[in-house]
1. Determine the gain in length on full extension of the stretch ARG14-VAL173; use 0.36 nm per residue of separation and subtract their C-alpha separation, reporting nm with one decimal.
2. Length gain on complete extension for the stretch HIS159 to LYS147, per 0.36 nm per residue less the alpha carbon to alpha carbon distance?
3. Would you kindly state how much longer the chain becomes between LEU119 and ASP30 on full extension, computed as 0.36 nm times their sequence separation minus their alpha carbon distance, in nm to one decimal?
4. Using only the alpha-carbon atoms of the chain as identical scatterers, what base-10 log of I(q)/I(0) does the Debye formula give at q = 0.10 Å⁻¹?
5. Determine the relative contact order of the chain: mean sequence separation of Cα pairs under 8 Å and six or more apart, normalised by residue count, in whole percent.
6. If all Cα-Cα distances of the range 26-116 are sorted into 10 Å bins from 0 onward, what percent lands in each bin, rounded to whole numbers?
7. For the chain, modelled as a Gaussian network with Cα springs under 10 Å, which listed residue fluctuates most, SER55, SER46, SER79?
8. With a length cut of 18 Å (Cα positions projected on each helix's long axis) and a Kyte-Doolittle mean of at least -1.0, go through the chain and give me the DSSP H helices that pass.
Amino acid sequence: DDDDVVLLKGRVAREVNACDELLLTELVLDGVLAPLSVAECVALLSAFVFQGSSSSASSQRLTPQLAALMDEVRTRASSLFDTEVAAGVDVRAETSREYVRSRFNPGLVEVTHEWARQLPFAHVCQLTDVAEGTIVRTIVRTAEALKEVRAMARVVGDHDLHAKMDAATAAIVRDIVFNASLYYRGE
């Protein structure tokens, strides 16, 4: 603000390191995650952390709610691009489409949604052409993002979102993905 005091949005955004803090802060403060199921929260956050490509991404079988959610986030990201460009921020993207792609990649949304619904790893691997190691890395990074959203919820005092992020973390931190390995060291 005018007195150089960090506002709520700033305090919330500083909790995020795993993905785009501006877009995620807007979603949290606008209550976008509130009506979502645990599995839908996991799927949404996976799109913030997935770094890769999938030729099967266009053939994902998303629920109507998940498809609408992905569209909403793309629209919000595009609007954020316009705001940043208007403010003179160097966004390192020439178009809104490039900006959205660099911050939001829904290539494993179906995979992570099904993983959070407790389907076996072998089954979720069959849903995509992405390598197993990339799936593991994305799920681990999604767990990190869930912890960050939990911290964001603490900052804003949203106890329901905090509990939902705990449940989402419990849903995905399981089985072979989180066995001690090159990707994950038990805590």
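The values are calculated or read from the model by the stated rules, or taken from the named source; none is laboratory data. Predicted, not measured: the structure shown is a model, and the values here were computed from it. The protein model used for the area step is the full one, side chains on, heavy atoms only, and it has no ligands, DNA or RNA in it. Shrake-Rupley method; radii C 1.70, N 1.55, O 1.52, S 1.80 Å.
1. Values: separation 159, 0.36 × 159 = 57.24 nm, distance 2.44 nm.
Fully extending the segment from ARG14 to VAL173 adds 54.8 nm.
2. Numbers: separation 12, 0.36 × 12 = 4.32 nm, distance 1.37 nm.
Gain on stretching HIS159 to LYS147: 2.9 nm.
3. Values: separation 89, 0.36 × 89 = 32.04 nm, distance 3.06 nm.
Result: 29.0 nm gained on full extension.
4. Debye curve over Cα of the chain, log10 I(q)/I(0) at q = 0.10 Å⁻¹: -0.40.
5. Details: 218 pairs, mean separation 56.5, N = 187.
The value is 30 percent.
6. 16, 48, 28, 7, 0
7. So, out of SER55, SER46, SER79, the one fluctuating most is SER55.
8. On the way: long enough: 64-86 (33 Å, 0.03); 132-156 (36 Å, 0.32); 159-172 (20 Å, 0.09).
Length and hydropathy pass: 64-86, 132-156, 159-172.
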